[in-house]
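First comes the structure, then the notes that go with it.
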Amino acid sequence: MIVWHKALVEKIRIKLNLSYYQLYWICFMKGVVTCYVAILVSN
């Protein structure tokens, strides 16, 4: 599963012409939004 996910992310990263740095920021922002939504739903 981890190998599959790594290959998929790498394929998408190359297709969208993203650097690893850009990918890290996208994942970070996705985490922030997910946590924010979870906090809003729990209240």
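Placing pseudo-labels 7 Å out from each Cα toward the beta carbon at residue 28 and residue 16 gives an inter-label distance of 1.6 nm.
Residue-normalised convex hull volume from the C-alpha trace of the range 2-42: 79 Å³ per residue.
Each reported figure results from applying straightforward, stated rules to the coordinates on display, with no laboratory input. Predicted model only: the values in this text are computed from it and were never measured. Glycine gets a Cβ as well: all are built from the backbone with ideal geometry, and neighbour counts include every protein chain shown.
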